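Participant: My questions all concern the structure below.
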Amino acid sequence: MMNKSLPNRSILLAFLFLACFTSCSKNVTMNRLVPAPVSVPNHIQKIVLVDRTKPQSGGFAILEGLITGELPFEVRNSIQATLASLQMTLNSSPRYQIVRANERLTGGFFGQVFPNPLDWNTVNQLAESYSADAVLSLENFSSDFVISDQQRTIKKTIREGNTTRQIEVPGFYVEGVSTVSAGFRLYDPKGKSIVDQQRFEKRNLWSAEGETKAQALALLITKADAARIVGEMAGAGYAYKIAPMFAEINREFFPKSKTEPLVAKGARLAEVDRWEEAIEIWRAAIPEADEKSAGMLAYNIAVGYEVLGSLELAKEWAGMAYTDFGLKKGRSYVKTLQNLIGQQEILEQQLSR
């Protein structure tokens, strides 16, 4: 079965470099593929997404809407936003191929309760219909929007002729907190097992202010828009649980030394992404450098090797910066690199077939 993949799956570190520089420090930003918290069986390469939030009856839907204060179209829009965000985020990972099911299946009564799992006959039929290896179902969904207000002094801009100025006036400050709870199950028809089941919750806060409470509320985000946005956050958040994703990592390195000019020369080469040349210059400078500068050079070499994807060499040089030259940052960097090497082993397993 065809699946999206990196040009070479054995190359587990994929970097896009962006260096940010200030007068006192230098940084390099790396986008690294990191493993998912949940390891999914390797035979699962294509997943079909299913909406299983259809109420058991129209009467139940109306009753639930009365209890939660949600209108049916608000719920449906939020659910669709959640699934669309889940699909889009999973598609940004090289791990899976994702397809959406046309069916909307009946789920539980209330959004906070997981329904009984799908029977395996239904799971198999869905997987076969979409040539998928697994079924990922949104089993339940609920949202809430709580508004609070308080009187406070606010700033108001007034115009006087061709000039404007701000004054303080009595007013109202309102906050709206939107919470979305989405329950997901990942079914593996081959192993007849539920690979993962969890409720994923997200919330966000919006605020507005006005001279009157009505003005402030009119400027606040609507409940429907808030639920849609937070639903998107929940969908994307769950995708990060089951799929390896690119994460941004920042590393600082030494830009200069008071006694060793080659620290700065190598840093300038690193600034224009010439890391191999920078490493050569830093290595050549170590024998003649004082202990402090040698520690900086070794540490910079470690960062360079990490940028180039050689974590073992990076760990070796970071350790040298501490053991040979007493640079304490080298010790903590070794621990960081050890963790990354462990992640790489997990990533190898998650990307293998």
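Participant: For segment 102-130, which residues satisfy the criterion of being more than 29 Å from VAL34 (Cβ to Cβ), among the small types (Gly, Ala, Ser) and at pLDDT 95 or above?
Facilitator: The one that is more than 29 Å from VAL34 (Cβ to Cβ), among the small types (Gly, Ala, Ser) and at pLDDT 95 or above: SER129.
Participant: Sticking with this one: Hey, GLU139 hits all of (1) more than 26 Å from ARG228 (Cα to Cα); (2) buried (at least 22 other Cβ atoms within 10 Å of the Cβ); (3) out of contact with any Leu (no Cβ under 8 Å at 6 or more places or on another chain) but one; which does it fall short on?
Facilitator: (1)
Here's the yes/no breakdown for (1) among the basic types (Lys, Arg); (2) touching a residue at least 40 places away in the same chain (Cβ under 8 Å); (3) touching a Lys or Arg at 6+ places or on another chain (Cβ under 7 Å):
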{"site": "LYS155", "(1), (2), (3)": "yes, no, no"}
{"site": "GLY171", "(1), (2), (3)": "no, yes, yes"}
{"site": "VAL180", "(1), (2), (3)": "no, yes, yes"}
{"site": "PRO189", "(1), (2), (3)": "no, yes, no"}
{"site": "SER193", "(1), (2), (3)": "no, no, no"}
{"site": "LEU205", "(1), (2), (3)": "no, no, no"}
{"site": "THR212", "(1), (2), (3)": "no, yes, no"}
{"site": "LEU220", "(1), (2), (3)": "no, yes, no"}
{"site": "ARG228", "(1), (2), (3)": "yes, yes, no"}
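Participant: Just to be sure before I move on: is GLU260 over 29 Å from the mean Cα position of the chain (by Cα), modelled with pLDDT of 95 or more and open to solvent by less than 80 Å² (accessible area, probe 1.4 Å) in the structure I sent?
Facilitator: yes
Participant: May I ask you to list the residues in segment 155-197 that are open to solvent by 70 Å² or more (accessible area, probe 1.4 Å) and in contact with a strand residue (DSSP E or B) (Cβ under 7 Å, 6 or more places away or on another chain)?
Facilitator: Of everything in segment 155-197, those that are open to solvent by 70 Å² or more (accessible area, probe 1.4 Å) and in contact with a strand residue (DSSP E or B) (Cβ under 7 Å, 6 or more places away or on another chain) turn out to be LYS155, LYS156, THR157, THR164, ARG165, GLN166, GLU168, PRO170, GLN197.
Participant: Could you grab the pairs with beta carbons closer than 8 Å, sequence gap of 6+ or different chains, first residue in segment 261-273 and in contact (Cβ under 8 Å) with a residue 12 or more places away in the chain, second one of a type in the set (Phe, Trp, Tyr) and open to solvent by 20 Å² or more (accessible area, probe 1.4 Å)?
Facilitator: Note: pairs meeting the criteria are VAL263/PHE254; ALA267/PHE254; GLU271/PHE21; ASP273/PHE17.
Participant: Does segment 336-344 contain at least one residue that is modelled with pLDDT of 95 or more, among the hydroxyl-bearing types (Ser, Thr, Tyr), within 28 Å of the chain's Cα centre (by Cα) and assigned to a helix (DSSP H, G or I)?
Facilitator: For segment 336-344, residues modelled with pLDDT of 95 or more, among the hydroxyl-bearing types (Ser, Thr, Tyr), within 28 Å of the chain's Cα centre (by Cα) and assigned to a helix (DSSP H, G or I): present.
Participant: What are the residues in segment 279-302 that are under 18 Å from LYS329 (Cα atoms), buried (at least 21 other Cβ atoms within 10 Å of the Cβ) and of a type outside the set (Gly, Ala, Ser), if any?
Facilitator: Selection gives TRP282, MET296, LEU297, TYR299, ASN300, ILE301.
Participant: Taking segment 7-45 on its own, how many of its residues are modelled with pLDDT under 90 and in contact with a strand residue (DSSP E or B) (Cβ under 8 Å, 6 or more places away or on another chain)? Let's see the steps before the verdict.
Facilitator: In the first step, residues of segment 7-45 are kept if they are modelled with pLDDT under 90; the result is 7-26.
So of that shortlist, the ones also in contact with a strand residue (DSSP E or B) (Cβ under 8 Å, 6 or more places away or on another chain) come out as 12-21, 25-26.
Total meeting the criteria: 12.
Participant: Do we find that ALA227 is closer than 30 Å to GLN97 by Cβ, loosely packed, with under 15 Cβ neighbours inside 10 Å and under 31 Å from the mean Cα position of the chain (by Cα) in this structure?
Facilitator: No; evaluated as a whole, the condition is false for this residue.
Participant: Sticking with this one: Restricting the search to segment 315-335, which residues are more than 26 Å from the chain's Cα centre (by Cα), of a type in the set (Gly, Ala, Ser) and in a helix (DSSP H, G or I)?
Facilitator: Across segment 315-335, the qualifying residues are ALA318, GLY319, ALA321, GLY330.
Participant: When you look at ILE147, is it of a type in the set (A, V, I, L, M), at pLDDT 95 or above and over 29 Å from GLU103 (Cβ atoms), yes or no?
Facilitator: Yes.
The values are calculated or read from the model by the stated rules, or taken from the named source; none is laboratory data. Model, not experiment: these values are computed from the prediction. Because the Cβ atoms are built from the backbone with ideal geometry, glycine has one as well, and the counts that use them run over all protein chains shown. When the accessible area is computed, the model is the full protein with side chains, heavy atoms only, and any ligands, DNA or RNA have been set aside. Shrake-Rupley method; radii C 1.70, N 1.55, O 1.52, S 1.80 Å.
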